Amino acid sequence: MLRTNLKHLNSDEELQSFIKENENVMICCGRMGPMCIPVYGAMEQLEKNEEYSAVKFADLDFDVPAANFIRLHPACRMFTGLPFTIYFKNGEVTKATSSIQTKKQVSGVLDEVFK
Amino acid sequence: MSEAKRFDAIILGAGPAGLSAGIYLSRAKKSVVILDTGIAGGAPILTTEIANYPGVKDALGYELAFIMKDQATTFGCEIVDNVEISSLSLKDEQKEVVTDEGTFVAPVVIIATGGVPRTLNISGEKEFNSRGISYCATCDGDFFTGKDIVVVGGGNSALEEAVALTAYASSVTILHEFDHFQAFKSAIVDAEKNEKIQFIMDCKIESFEGDESLKGVKISDNKTGQSRVVPVTGAFIFIGYLPNSALFKDVVTLSEREEIVADEAMNTGVSGLFVAGDVRQKRYRQVTTAVADGTIAALSALEFIER
Ligand SMILES: Cc1cc2nc3c(=O)[nH]c(=O)nc-3n(C[C@H](O)[C@H](O)[C@H](O)COP(=O)(O)OP(=O)(O)OC[C@H]3O[C@@H](n4cnc5c(N)ncnc54)[C@H](O)[C@@H]3O)c2cc1C
């Protein structure tokens, strides 16, 4: 399990219901390692500051079977950099990014896709 | 507008240097804030494993960083990460840092902003970043299992990472701008004896080519000028390091390599302004040397405050 203060998605059922039950969703799928930790950190801060209270944040371990949904998702098929970060609105993917992102970049995407 | 927050010392950068300085100053009962434009922890959180930090055997980079961060906050040091700095005034007696989290004022500032990997700044580099181009072998190596890749660079990192990447890739071609390497002999020997590694020396990287993802690297021969495309789906770039010193260029002296010049006590020459860690002009850049710099800068700052 990832050592973050975010909600962890552990199974495919949890992942699917999280996407289905929430209008605006951001999921970071990565490992506890380089490039990924800064993205979790930015998400934790954005969640804590309630700057984006309409968005639900979660992480997903890249190496659990449930991650296949994101690893193999067409939006991520060209990605070669961890983590894969994916944004859903009403169950549909609206954006996906690969590799490290700063808080500013993450906020930029959240503004672009959810505001 | 909210009032400025006053401290005994402001530290810019929460890597090993900044955190060490924070530990020493807050333990000496000084009020300290560390401001970081990224996430607290610094380069170690971009490192898989750190095996050469004495006293902590085989630590994961982020674990070591989190311990240092925790240690600093335990002594009362405040850490504000992911800040955006809009202006700095570092020459006055009371120095001021204006951020999106408010204005911070102190008689002492320690610059510990580290550095970032150098990029080639050529066509296709941004476009194919994380779609074939990577700066981290340990993070992204397994995406290139069974693929042909290149490693750009000729120093220790390039050669060591090229060898590491042969665990995944079917072939690794090292592209280097000179006809010789600037690495330790052992790193060169290890790369040369690896059957999966080929070398293209004395070449210039012109551009990265592809469509949705990287398909090749266009290079030209430095002697003949002839260009060609090396067909690969992955490129790892290890061409050195760029100090995060641009913000301070009008205030302190920079070396040719844009490192901040300081004396043995980490004084920059500007009263109350100190520097520590990888952003400083020095020969060796390691966690141990950053921690040593941070300690010295904090003790010098302490002397300055109590003067
Ligand atoms: C991939 C990799 C592997 C490594 N492996 C090892 C190893 O095994 N052993 C070892 O000893 N060393 C290793 N190093 C080197 C070591 O990590 C560095 O020497 C050390 O982290 C330097 O510490 P620092 O505090 O000076 O800078 P950094 O660790 O770079 O920290 C600087 C901090 O400043 C922040 N910052 C940047 N600009 C600003 C600004 N304008 N304002 C405020 N904050 C800012 C950054 O976000 C960062 O958090 C490795 C480095 C890398 C990149």
All positions within the stretch B:97-123 that are within 14 Å of another protein chain (Cβ to nearest Cβ) and either at pLDDT 95 or above or assigned to a loop (DSSP other than H, G, I, E, B) (or both) | B:Thr99, B:Asp100, B:Glu101, B:Gly102, B:Gly114, B:Thr119
Leading residue by the ranking (nearest to the ligand (Cβ to nearest atom)) among those in the stretch B:292-301 that are touching a Phe, Trp or Tyr at 6+ places or on another chain (Cβ under 8 Å) and closer than 15 Å to B:Gly114 by Cα = B:Gly294
Of residues in the stretch B:36-46 being open to solvent by 50 Å² or more (accessible area, probe 1.4 Å) and part of a helix (DSSP H, G or I), the one nearest to B:Ser134 (Cα to Cα) = B:Leu46
Collect the residues in the stretch B:47-59 that are open to solvent by less than 60 Å² (accessible area, probe 1.4 Å) and either within 13 Å of another protein chain (Cβ to nearest Cβ) or part of a helix (DSSP H, G or I) (or both), keeping them in residue-number order.
-> B:Thr47, B:Thr48, B:Ile50, B:Ala59
Would you say B:Thr233 is more than 16 Å from the ligand (Cβ to nearest atom), within 30 Å of B:Ile174 (Cβ to Cβ) and within 14 Å of chain A (Cβ to nearest Cβ)?
-> yes
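Just to be sure I understand, how many residues within the stretch B:8-35 are open to solvent by 20 Å² or more (accessible area, probe 1.4 Å) and either among the basic types (Lys, Arg) or near the ligand (Cβ under 6 Å from one of its atoms) (or both)?
Narrowing the stretch B:8-35 to residues open to solvent by 20 Å² or more (accessible area, probe 1.4 Å): B:8, B:23-24, B:27-31.
With the extra rule that they be either among the basic types (Lys, Arg) or near the ligand (Cβ under 6 Å from one of its atoms) (or both), the set shrinks to B:27, B:29-30.
The number of residues fulfilling the criteria is 3.
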Which of the helices (runs of 4 or more DSSP H) contained wholly in the stretch A:22-115 include at least 2 residues that are under 23 Å from B:Asp36 (Cα atoms), within 14 Å of chain B (Cβ to nearest Cβ) and open to solvent by 40 Å² or more (accessible area, probe 1.4 Å)?
-> A:36-48, A:103-114
Of the residues in the stretch B:127-155, how many are within 21 Å of B:Ile45 (Cβ to Cβ), open to solvent by 10 Å² or more (accessible area, probe 1.4 Å) and not in a loop (DSSP other than H, G, I, E, B)?
-> 4
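The values are calculated or read from the model by the stated rules, or taken from the named source; none is laboratory data. All figures in this text were calculated on a predicted structure; none of them were measured in a lab. Cβ: placed from backbone, ideal geometry, glycine included. Neighbour counts: every protein chain shown. Surface accessibility is based on the protein's heavy atoms, side chains included, excluding ligands, DNA and RNA. Shrake-Rupley method; radii C 1.70, N 1.55, O 1.52, S 1.80 Å.
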